[in-house]
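Visitor: Dumping the structure here so I can ask a few things about it.
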Amino acid sequence: AKITKEGNTVSGDCSLQIKLADGKYLLAMADGMGSGEKARECSKITLRLMKQMLSAGFNKEESVQMINTRLNLLGTTDRYSTLDASILDLYVGKMEVLKNGACNTYIKNKKNIKIVKSQSLPVGIVNNIELQTKTLDINDGDMILMCTDGVLDSKEDNPEWIEEFLKNVSTNNVQKIADLLIAEAVDNNYGVVRDDMTVIVSKVVKRK
């Protein structure tokens, strides 16, 4: 689910959900600095290169370095993007999370919530980027939620609000959860969409 900042016709957020050649699933989003066309260009480059390089068999480190170099070549200091990627290996029940300047990832199973946070810089902001990854077990029934900062920062006085939302939400329908979260984020700003907002919600289901 997504919504564009009020007054803009183009969102600076981009998202991607694809199956890679090795059978893993890639869930990714990028948030270009600011909003509008320039932000959109940065986030599109970020995800396009991520998709191309992982699909071609490059490893994650090479992929992120290439994205970082490409954004640096744009030639201005304000052309950078967050990168948030979850690579799911459903055969072994593992998820690798890559975060560069991105918001939290939330993993919910019943009432239990795990949170993965980013401590690294966005891509394109420095010459040599540090790749931070974390590998987690994924289980039957896990719900994975990723979002951009327009969602998370919509309630600045309560940065834990998404965790509380997930604990209390009554539906297991991933589309409904995504839609409800966007609606709640807009309500947090009294109905004004102050930033681009994007949410990806996915659910892991064991094949019977």
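The values are calculated or read from the model by the stated rules, or taken from the named source; none is laboratory data. Since the model is a prediction, treat every value here as computed from it, not as a measurement. Virtual Cβ from ideal backbone geometry, glycine too; neighbours counted across all protein chains shown. To get the accessible areas, we keep the full protein, side chains included, count just its heavy atoms, and leave off ligands, DNA and RNA. Shrake-Rupley method; radii C 1.70, N 1.55, O 1.52, S 1.80 Å.
Visitor: The list (1) 41; (2) 34; (3) 18 gives values of percent of Cα pairs over 30 Å apart, and only one came from this structure; which label was calculated from it?
Guide: Label (3) holds the value from this structure.
Visitor: Taking 0.36 nm per residue of separation and subtracting the Cα-Cα distance, what length does fully extending Asn109 through Lys44 add?
Guide: On the way: separation 65, 0.36 × 65 = 23.40 nm, distance 3.17 nm.
Stretched out fully, the Asn109 to Lys44 stretch lengthens by 20.2 nm.
Visitor: Take the alpha carbon atoms of segment 1-68, find their center, do the same for segment 155-179, and report the distance between the two centers in whole angstrom.
Guide: That distance is 24 Å.
Visitor: Placing +1 on the Cβ of each Lys and Arg and -1 on the Cβ of each Asp and Glu in the chain, which of Pro159, Met66, Ala102 has its Cα farthest towards the positive end of the resulting dipole?
Guide: With unit charges placed on the Cβ atoms, the residue in question is Met66.
Visitor: Something else: Kindly report, to the nearest 10 Å², the accessible surface of Arg48 as traced by a 1.4 Å probe over protein heavy atoms only.
Guide: Here the residue's solvent-accessible area equals roughly 110 Å².
Visitor: A follow-up question, please. Could you work out the local net charge near Ile3, counting Lys and Arg as +1, Asp and Glu as -1, over the other residues with Cβ closer than 13 Å to its Cβ? Working shown, then result.
Guide: Numbers: positive: Lys2, Lys5, Arg194; negative: Glu6, Asp13, Asp179, Glu184, Asp187, Asp195, Asp196.
Value of the local net charge: -4.
Visitor: Could you tell me the calculated FRET efficiency between Leu20 and Glu61, based on Cβ-Cβ distance and R0 = 22 angstrom, to the nearest 0.05?
Guide: Plugging the Cβ-Cβ distance into 1/(1 + (r/R0)^6) gives 0.85.
Visitor: Could I ask something else about it? First check a/c for segment 1-77, with a ≥ b ≥ c the square roots of the eigenvalues of its C-alpha gyration tensor; if it is under 1.5, answer rounded, and if not, answer prolate when a/b is larger than b/c or oblate otherwise.
Guide: Values: a/c = 3.55, a/b = 1.41, b/c = 2.52.
Judged from the Cα gyration tensor, segment 1-77 comes out oblate (a/c at least 1.5, b/c at or above a/b).
Visitor: Have a look at Asp195, Asp179, Asp187 and tell me which one the Gaussian network model of the chain (Cα, springs below 10 Å) gives the largest fluctuation.
Guide: Answer for the Gaussian network model of the chain: Asp187.
Visitor: When all protein chains stay in place, what accessible area (Å², nearest 10, 1.4 Å probe) is found for Glu62?
Guide: 90 Å²
Visitor: Within 13 Å, Cβ to Cβ, of Ala28, how many net charges do the neighbouring residues add up to if Lys/Arg are +1 and Asp/Glu are -1? Intermediate values should be presented prior to the final figure.
Guide: Working: positive: Lys19, Lys24, Lys44, Arg48, Lys51, Lys60, Lys99; negative: Asp13, Asp31, Asp84, Glu96.
My count for the surroundings of Ala28 gives +3.
Visitor: So what is the 222 nm mean residue ellipticity for the chain from helices alone, if each DSSP H run of at least 4 adds -39500 (n - 2.57) and you divide by all residues, rounding to the nearest 500 deg cm²/dmol?
Guide: On the way: 5 runs with 59 residues, N = 208.
Estimated from H runs of four or more residues: -9000 deg cm²/dmol.
Visitor: Heavy-atom accessible area per residue, the chain, 1.4 Å probe: how many Å²? Present the calculation step by step, with values, prior to reporting the outcome.
Guide: On the way: 10770 Å² over 208 residues.
On a per-residue basis, 52 Å².
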